[in-house]
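The values are calculated or read from the model by the stated rules, or taken from the named source; none is laboratory data. Keep in mind that what you see is a predicted model, and the values were worked out from it rather than measured. We place every Cβ from the backbone using ideal geometry, glycine too, and count neighbours over all the protein chains shown. The protein model used for the area step is the full one, side chains on, heavy atoms only, and it has no ligands, DNA or RNA in it. Shrake-Rupley method; radii C 1.70, N 1.55, O 1.52, S 1.80 Å.
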Amino acid sequence: MKFTYIFGPVFSGRLGHSLGLDLLGERICSMDCLYCEVGKTDELTLDRKPYVPADYLLNELRQWRDAHSDNLPDYVTLGGSGEPCLNSELDTIIKGCKQILPSVPVAVLTNSTLICDPDVQNALLEADAVLPSLDSLVDKEFAKLNRPCGGVSAAAIADCLIQFSKKYSGKIFLEILLSQGINDSQENLTLLKEYVTQLQPHRVDVTTLSRPGAFSLAKAVDSNVRKVWQDALAECITRFDANGSTSHQHIAKENTQAAAEAQPATDNPPDLHDQDRLAAKQRVLESLTRRPQTPSQLAIALTLPLSIVIGVLDILENEGTIYKSEPDRTATLNTDEPFYSCQ
Ligand code: SF4
């Protein structure tokens, strides 16, 4: 069955097996980030509308559940090809996801630009995890890297996120993406350390580009720089969770657990029928249209044997449908495997 607004599950380093919901359907966003992996923003806006109506999206999710009830994801993640909080039916969508898949937590990826809107805050209160990004608290860096709609300021976002965190009982995983020479300044690190100390998110994830972004100006930082930032910011989190461990300890635990759990399906290549191979090819292609991935990530996300995934990737690459980029050891995953992508 082919879905228009549901993709995956894909393997996410932060959320495990994540079933993605695209709430925009087009390249509509309130930012036009230099590093955006889905390309240049076509419609730069702060206007909230039912870009993908809740009814349509939730109907697809019901169909997906009926076909996959034996293989549920770790998270349903609201995101897509732009800023999901721009969808004015966000509230109905989050509540609908929880009704349709009651055992699966709902996460929302957001660039934080709409967090000052009370309707957005109220909708997000229903989610189990919110993953806001805030790449720089230095105005000129924020403007250069994220290129937001007019009137959006990093300082206002930072304040509203603090307000939101005080009434939110779910988890906040703050993301900071570093781009070399743009927002990796000492000034930004100092401001973000003060900010993380105040916000006390459950986790902070410092990432960098895993492949070239929409504009060639954006470049990944060195893995040592990313580690220095990751450690410095994680140390600012002192909250204790219910188990008595700090979020810093929790990161290590989650990563270890994820690594242990995230094994590709058994790698004895079964003798696939043509029909099954075609289905595998279709699933790999659909997954890659959403985001670039390595063979192992695809194998884990799609629960397919790695050898089948590699075989399918070879076919698709020879057909010219996908392309392979070199392993990027500066990337968050620090992988030796190549990334495959449709773009
Ligand atoms: S906020 Fe996200 S979707 Fe929007 S331009 Fe930036 S990276 Fe792309």
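Against the criterion of solvent-accessible heavy-atom surface with a 1.4 angstrom probe, Glu141, Glu43 sort, most first, into Glu43, Glu141. Simple point charges give the picture: +1 on the Cβ of Lys and Arg, -1 on the Cβ of Asp and Glu, and for segment 38-184 a dipole about the Cα centre of about 160 debye. Along the Cα-to-Cβ line of Glu286, 7 Å from the Cα, sits a label point; which residues in segment 7-37 have backbone N less than 14 Å from it? From segment 7-37, the list is 7-10, 19-22. Estimated at 0.36 nm per residue, the fully extended path between Lys2 and Ala279 surpasses their Cα-Cα distance by 98.6 nm.
Could I get the Rg over Rh figure for segment 66-184? Both from C-alpha atoms, Rh via Kirkwood, rounded to two places. Ratio value, two decimals: 1.01.
The figure for Arg283 is an accessible area of roughly 100 square angstrom, using a 1.4 Å probe on the protein chains alone.
The order of Met1, Met31 by accessible area, most exposed first and with a 1.4 Å probe, is Met1, Met31. Is the shape of segment 21-68 best called rounded, prolate or oblate, per the rule: a/c under 1.5 gives rounded, else a/b larger than b/c gives prolate, else oblate, with a ≥ b ≥ c the square roots of the Cα gyration tensor eigenvalues? Here segment 21-68 falls in the oblate category. Ligands, DNA and RNA are left out, and with a 1.4 angstrom probe the accessible area of segment 151-200 is 44 Å² per residue. Prolate is the label for segment 54-114, because the ratio a/c of its alpha-carbon gyration tensor axes (a ≥ b ≥ c) is 1.5 or higher and a/b is greater than b/c.
Across segment 60-67, coupling constants 3J(HN,Hα) worked out from phi with the 6.51/-1.76/1.60 Karplus curve, θ = phi - 60°, read 4, 5, 4, 4, 4, 4, 4, 8 Hz, and Gly and Pro carry x. Using Cβ point charges alone (K and R +1, D and E -1), the dipole size of segment 153-206 about the Cα centre works out to roughly 340 debye.
Ranking Phe173, Val104, Val228 by how far each Cα lies toward the positive end of the dipole of segment 6-261 (charges on Cβ) leaves Val228 at the top. Under a 5 Å amide H cut-off, with hydrogens placed 1.01 Å from N, Val108 pairs with Leu78, Ala129, Val130, Leu131 among residues at least 5 apart or on other chains. Straight-line cross-link partners of Lys49 among the lysines, defined as a Cα under 22 Å from its Cα and at least 8 positions apart when in the same chain: Lys40, Lys95, Lys98. Rounded to the nearest 20 debye, the dipole magnitude of segment 6-261 is 320 debye, with +1 charges on Lys and Arg beta carbons, -1 on Asp and Glu beta carbons, and the Cα centre as origin.
A 1.4 Å probe, protein heavy atoms only, puts the accessible area of Phe3 near 30 Å².
The separation of segment 49-64 from segment 154-168, counted between C-alpha centres, amounts to 29 Å. Cys236 contributes an accessible area of around 20 Å² to the protein surface, as traced by a 1.4 Å probe with all chains present. So which lysines can Lys193 reach, going by Cα to Cα under 20 Å and dropping same-chain residues fewer than 8 places off? Straight-line reach from Lys193, under 20 Å: Lys140, Lys166, Lys171, Lys227. The amide H of Asp205, built 1.01 Å from its N in the peptide plane, has Leu174, Glu175, Ile176 as neighbours under 5 Å, considering only residues 5 or more places off or on other chains.
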